[in-house]
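Take a look at the structure below.
The values are calculated or read from the model by the stated rules, or taken from the named source; none is laboratory data. Keep in mind that what you see is a predicted model, and the values were worked out from it rather than measured. Every residue, glycine as well, gets a Cβ built from its backbone with ideal geometry; the counts of neighbours run over all protein chains shown. Remember, those area values only see protein heavy atoms, side chains included, never the ligands or the DNA or RNA. Shrake-Rupley method; radii C 1.70, N 1.55, O 1.52, S 1.80 Å.
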Amino acid sequence: MNNLRLATLRFSSLATKATGSLGKRDFTRSLWHMTKKPATGASNDHVTVLNVHKPSISCTCGCNVHTKAEKELVECLAEEIVAERKVQKGKAVSSTLDGFNVKIVGGDVELIKETEKEKVVVSFNVNHTVDTEEEPEVNPNADKPELGEMRSKPQFEVDIIKSGTTLSFTCSYLQGEAQEGEYNDVFSIDEMSIFEGEWNDKVYAVAGDVLDGYLYDLLLNYLEEKGISQEFAEKLSDLATAHEHTSYIGLLEKLSKFTAGGK
């Protein structure tokens, strides 16, 4: 899957440091500065800049004046939104996933599959779930710095409901690659519980890492039969990434409108 978010170092820090840690929300605008076309007579080692339309800074309130910070923020947001939309193109959030219907409310996402015998619900929230898959080395002298892919890998709940009883699993994505002799699992079971009616904080739950190994494997097989396979988890991360990115662009647009004085 192509990058949905470019994680970049702030341009000012690159002027004094050869390397640095990548932030989760460092603006793509920094990349715009790093690849800006030089003036005539300057070094021509960089690629051509994005052609970004800068909006008018005239206030909707009629004063035609903004503070310096407001003006710079609106200009930065215009560039950021254009850059984010370029990498978002063609990556819409699907309304279904492997037989599950997808329901989205804000940062919450719920996938539901229902039969006559049972109901399977997968739920998660995309807030604070985005990070780079790898921490690449950054060479400030490179024409095109190698940047990590930003992906959403949220902790998710799986509820299997039968006749008012719920078997519930809390699952998380595994970090890093499997070592030799290990299973190449995408996610793990963090916790399991079973309860009648609605969940409350008195319900007993057992941690996945204290379960008998054979029982743990059988539970993973059980989840796979219900549609929660390792492949499904990969697709779930794709869906979460697409929704998080769409939400991020929406936030930038609202911030731009708010700063420019729109309603």
Which value, in Å² and to the nearest 10, is the accessible area of Lys113 when all protein chains are kept and the probe is 1.4 Å? 60 Å²
For Glu149, enumerate residues with amide H under 5 Å from its amide H, sequence gap 5+ or separate chain, H modeled in the peptide plane. Glu133, Glu134
Thr165 versus Glu225, label points 7 Å from Cα toward the beta carbon: distance in nm? 1.5 nm
Checking the table Lys153/Lys235; Lys117/Lys153; Lys86/Lys254; Lys119/Lys202; Lys103/Lys226; Lys103/Lys235 against a 21 Å threshold on Cα-Cα, which pairs fail? Lys117/Lys153; Lys119/Lys202
How big is the accessible area of Asp108 in square angstrom, nearest 10, if you roll a 1.4 angstrom probe over the protein chains? 80 Å²
Subtract the Cα-Cα distance of Ala207 and Ser193 from 0.36 nm times their separation in residues, and report this length gain in nm to one decimal. 4.1 nm
So for R0 = 41 Å, FRET eff. of Lys254-Glu234 from the Cβ-Cβ r, to 0.05, ends up at 0.85
Would you pull out the residues with amide H under 5 Å of Asp185's amide H, same chain only if 5 or more places away, H placed 1.01 Å from N? none
